[in-house]
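In what follows, a structure is listed as structure tokens, so that the remarks can point back to it.
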Amino acid sequence: QVLLPALEKWSLPAGKRKALLERFYGHPCWTARLDAWRELVKLDPRAPWPAPPKPTATDEAILKLAAELAEKGRPVRLRLAFEGGRAVVLKLDPVNAPMNVANLVLLARRGFFDGRRVPRVVPDFVVQMGSPCDTMDGGPGYTVRCEDSLDWFGPGSVGMALSGKDTGGSQFFITLNAAPHLTGRYTRVGQVEDLAQAMPILEELELGARLEGVEVL
């Protein structure tokens, strides 16, 4: 995301820039291929549409679980355990966002979130977590496409954090207040299960709080 726009600013010859961009057609991440194409058409309007990458084992695992969860149609419950004996349960909707819910479930099962820190706390707006770097950067090494809907982002809603369209991964946020401007722009995967119990914990969550574990109930 940084390199591709920079190629144009570096004033490289068009042919060299085109050759570098075409290499991204083989990138395993679809969004990287698409970003490269967007830059290529500036040089050549006839640049071919990038072919989709072959599904990885992770892609296939997410798709398989997403289909199973969507068919069952039952909410998926995740328990977030924070240091200090604090815990919040999320109720995720696999019918509304099957791919993203399945991805979070698989990450939780492999302990991806265990021991991570909360890198973002915005009072009266959101808390965000799920970064492997304990910052607002990074992800699991792949992306999951957006599954946007018109489900309203009210207090206690759970959404996928993004750095652009279809760049969801492991980072998610929980709203502390109504945030209607997020509706249709971010994938809403569910909500906290007990709003009255969860909101005081989330509202008092400190920056850098340790997430001891995420358990699929």
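The values are calculated or read from the model by the stated rules, or taken from the named source; none is laboratory data. All of these numbers come straight from a predicted model, not from anything done at the bench. Cβ: placed from backbone, ideal geometry, glycine included. Neighbour counts: every protein chain shown. Quick note on the areas: whole protein, heavy atoms, side chains included, nothing else; ligands and nucleic acids left out. Shrake-Rupley method; radii C 1.70, N 1.55, O 1.52, S 1.80 Å.
For the chain, the longest principal axis of the alpha carbon atoms and the long axis of helix 98-109 meet at an angle near 70°.
Estimated from the Cβ-Cβ distance and a Förster radius of 41 angstrom, the FRET efficiency linking ARG210 and GLU71 is about 0.70. Against the longest alpha carbon principal axis of the chain, how many degrees, from 0 to 90 and to the nearest 10, is the axis of helix 30-43 turned? Orientation of helix 30-43: about 40 degrees from the principal axis.
Dividing the convex hull volume of the alpha-carbon atoms in the range 98-217 by its residue count gives 99 Å³ per residue. Looking at the P(r) of the range 119-161, how many percent of alpha-carbon pairs lie beyond 12 Å? Here the tail beyond 12 Å accounts for 69 percent of pairs. Under 5 Å between amide hydrogens, built in the peptide plane, is the criterion, and for GLU212 it picks out ALA81, PHE82, GLU83, GLY115 among residues at least 5 positions away or on other chains. Taking the Cα atoms of the chain, the ratio Rg/Rh between the radius of gyration and the Kirkwood radius comes to 1.03. Working from Cα positions, state the angle (0 to 90°, nearest 10) between the long axis of helix 14-23 and the longest principal axis of the chain. Approximately 50 degrees, to the nearest ten. Checking every one of the chymotrypsin sites (Phe, Trp or Tyr not before Pro) in the range 7-106 against DSSP loop status and a limit of 11 other Cβ atoms within 10 Å picks out TRP10.
At full extension, ARG110 and ALA196 could sit 28.0 nm farther apart than now, given 0.36 nm per residue minus the alpha carbon distance.
Rounded to whole numbers, the Karplus 3J(HN,Hα) couplings from phi for the range 183-189 are 4, x, 10, 10, 5, 8, 9 Hz, using 6.51 cos²θ - 1.76 cosθ + 1.60 with θ = phi - 60°, and x at Gly and Pro.
When all protein chains stay in place and ligands, DNA and RNA are ignored, the 1.4 Å accessible-area order of GLU204, GLU60, largest first, is GLU204, GLU60. Just the number: Rg to Rh for the range 1-100, Cα atoms, Kirkwood Rh, two decimals. Here the Rg-to-Rh quotient is 1.21. Mean residue ellipticity, 222 nm, helices only, the chain: the sum of -39500 (n - 2.57) across DSSP H runs of n ≥ 4, divided by residue count and rounded to 500, is -9500 deg cm²/dmol.
For the range 40-157, the spread of Cα coordinates along the three principal axes comes to 58, 34, 30 Å, biggest extent given first. Counting every C-alpha pair in the range 1-55, the share spaced more than 18 angstrom apart comes to 25%.
Close lysine pairs were tallied over the chain: pairs 8 or more places apart or on different chains with Cα atoms under 15 Å apart number 6. Taking 35 Å as R0, compute the FRET efficiency from the Cβ-Cβ separation of LYS42 and LEU150 and round it to 0.05. Efficiency, rounded to the nearest 0.05: 0.55.
By the Stokes-Einstein formula, at 1.567 mPa s and 4 °C, the range 166-206 with its Kirkwood radius over alpha-carbon pairs has D equal to 109 µm²/s. Which parts of the range 176-217 would a label at THR135 reach, counting a residue when its backbone N lies under 16 Å from a point 7 Å out along Cα-to-Cβ? Those under the cut-off are 208. Using a Förster distance of 41 angstrom, determine the FRET efficiency expected from the C-beta separation of HIS181 and ALA19, and round it to 0.05. Taking R0 as 41 Å, the efficiency between HIS181 and ALA19 is 0.50.
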